Amino acid sequence: MMPLMQAEEWLTRGELVSIAPGQVLEVPLYWHFWRHSGELIERLTAALDRVQLR
């Protein structure tokens, strides 16, 4: 399982092939971070918390 963005070059060259063409597997993602990671991570976490991806 590899994101298309990472696999595209190998797929184009034929070095990598899909074993299940047309099939998609959606996996829920979770955001983990240390509470005291600094202001930048806190701002990113707040921004991600505001985004509705559904």
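The values are calculated or read from the model by the stated rules, or taken from the named source; none is laboratory data. What you see is a predicted model; the values in this text were computed from it and never measured. Neighbour counts run over all protein chains shown; Cβ positions are idealised from the backbone, glycine included.
Some values worked out for this structure:
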| quantity | calculated |
| --- | --- |
| Residue match in segment 15-29 (condition: more than 13 Å from the chain's Cα centre (by Cα), of a type in the set (Asp, Glu) and surrounded by 10 or more Cβ atoms within 10 Å (Cβ to Cβ)) | no |
| Out of 34, 10, sole residue that is over 15 Å from the mean Cα position of the chain (by Cα) and modelled with pLDDT of 85 or more | 10 |
| Single condition residue 6 does not satisfy, out of (1) touching a helix residue (DSSP H, G or I) at 6+ places or on another chain (Cβ under 7 Å); (2) outside any loop (DSSP other than H, G, I, E, B) | (1) |
| Neighbours by Cβ (under 7 Å, 6+ apart or cross-chain): first from segment 35-54, at negative phi; second modelled with pLDDT of 80 or more | 45/31; 48/31 |
